[in-house]
Amino acid sequence: MRVLITGSSGQIGTNLGLKLQAEGHDVFGVDIRPNQWTDKINTTLQDLSVRYDNHKGGIGAVAYPADLDIVVHLAAHAKVHELVAHPWRAMENMMMVFNAAEFCRQNDLPIIFSSSRETYGNLPAEDFVVEESFANFKNAASPYSATKLGGEALIYSYARCYDLRYLIFRFSNVYGRYDNDILRMERVIPLFIYRISRDEPITVYGRDKLLDFTYVDDCVAGVSAGIDKLVAGTVENHTINLAYGQGRSLLDMTEYIAAAVGKQPNMTIEESLLGEVKHYIANIGKARALLDYTPTTTLEEGITKCVPWSLDWWAQNGVQ
Ligand SMILES: NC(=O)c1ccc[n+]([C@@H]2O[C@H](COP(=O)([O-])OP(=O)(O)OC[C@H]3O[C@@H](n4cnc5c(N)ncnc54)[C@H](O)[C@@H]3O)[C@@H](O)[C@H]2O)c1
């Protein structure tokens, strides 16, 4: 298969690209910046947030490889707080979805769109195990959530108006390899690994926050199953939760990291930040039924894998 991945220099794109290549597929990446972890993914550098109209064989004047089978659209400003502070970046996310959808429309390709548990916002307690049908645009918790709801809506409209074939995955707190560029993205797990291992203080925002952490190998296994089935035409036009299917607190997560690092955390606990989703447990029944999705890595196991990976990577790359 020939797969174009937008956002291929990011966490999920890097893991997915390398997995697909290892399975013998041809992977072509597009990103605004080079990949800092690997040079194995052939990457076209392009800003996808600019409006382009001609997408025949590429986007704007940039030609993409021919005979593609599918596009996986991951490119986005993916940090909730950053978009609360700079809401115009939400508009750039929408333009990126437009460019990816137009490219697929003009080249008759199916698309996978990376959405988020953010589409659910903060639901009442009785809805804590969240099914796909619970998403509601009125619940958008932040401009980032709005771009995922809006991006999904654009894909649904393209399916109706232009027969675009799609799968939408709603990811949740993906962690593991290729996520430790903490100067660019302050993701909580690599940030805590970094700080606790250096005896630096950490702040937990939300004592009661309950989140569904997904080990990256489980996430990309689900996406990869979706690619196979969408290209084969056996599963199409569905929106699917991809997560582990269990809620864990930030305090549990901190405890596992501290144990794996062998240090006591110097921890302060504060209220959740503006725009954050505070409770989320995914119902993953649809992913199981449609894709045979079976996540295997608990948070505790995932952390015991990603702590040594991150510490080794920082040591080998001279990160102080
Ligand atoms: N990782 C998670 O926990 C998670 C959860 C829910 C949804 N998602 C979504 O999944 C997708 C992938 O997430 P990720 O964690 O790999 O994010 P990431 O930030 O690591 O990767 C996104 C990539 O998009 C690229 N990008 C940003 N602006 C661009 C532009 N203008 N033109 C071209 N490329 C651009 C970035 O350079 C980056 O490499 C994102 O759309 C994100 O919103 C991720």
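Just so it is clear, none of the values below were taken in a lab; they were calculated from the coordinates. Because the structure is a prediction, the values reported are computed rather than measured. Neighbour counts run over all protein chains shown; Cβ positions are idealised from the backbone, glycine included.
Worth pointing out:
- For the options 89, 33, 160, a Gaussian network treatment of the chain with springs between C-alpha atoms closer than 10 Å singles out 160 as fluctuating the most.
- Under 13 Å, Cβ to Cβ, from residue 19 - net charge with Lys/Arg +1 and Asp/Glu -1: -2
- Percentage of interatomic Cα-Cα distances in the stretch 144-186 larger than 16 Å: 55
- A simple count of charges around residue 210, restricted to other residues whose Cβ falls under 10 Å of its Cβ and scoring Lys, Arg +1 and Asp, Glu -1, yields 0.
- Relative contact order of the chain: 18 percent, from C-alpha pairs under 8 Å at least 6 residues apart in sequence.
- DSSP bridge orientation in the stretch 132-286 - percent antiparallel, rounded to nearest 5: 15
- The stretch 162-264: relative contact order in percent, alpha carbon pairs under 8 Å with at least 6 residues between: 44
- GNM flexibility winner over the chain from 295, 201, 124 (Cα, springs under 10 Å): 124
- Multiplying the residue separation of residue 298 and residue 138 by 0.36 nm and removing their Cα-Cα distance gives an extension gain of 54.4 nm.
- Mean-position separation - Cα centroids, the stretch 165-188 and the stretch 279-297, in angstrom: 17
- Between 0 and 90°, nearest 10: helix 11-22 axis offset from the chain longest Cα axis: 60
- Neighbour counting of Cβ atoms within 10 Å sorts the residues 192, 137, 28, fewest neighbours leading, into 137, 28, 192.
- Contact order for the stretch 18-130, expressed relative to its length and based on alpha carbon pairs under 8 Å spaced 6+ residues apart, stands at 23 percent.
- Principal axis extents of the Cα atoms in the chain, from largest to smallest and rounded to whole angstrom, are 55, 46, 38.
- When each of 19/138; 56/138; 229/286; 209/305; 229/278 is checked by Cα-Cα distance, pairs over 26 Å: 19/138; 56/138; 229/278
- Antiparallel DSSP beta bridges within the chain, as percent of all bridges there, nearest 5: 10
- Between the helical axis of 88-107 and the longest alpha-carbon principal axis of the chain there is an angle of about 40 degrees.
- In order through the stretch 55-71: 3J(HN,Hα) via Karplus (6.51 cos²θ - 1.76 cosθ + 1.60), integer Hz, x for Gly, Pro: 10, 5, x, x, 10, x, 8, 8, 7, 10, x, 7, 6, 6, 9, 6, 10
- Rounded tilt (10° steps) of 216-232 against the dominant C-alpha axis of the chain: 20
- Cα gyration tensor of the stretch 80-182 - equivalent ellipsoid semi-axes, whole Å, descending: 23, 18, 15
- Separation between Cα centres of the stretch 206-259 and the stretch 81-97, rounded to whole Å: 23
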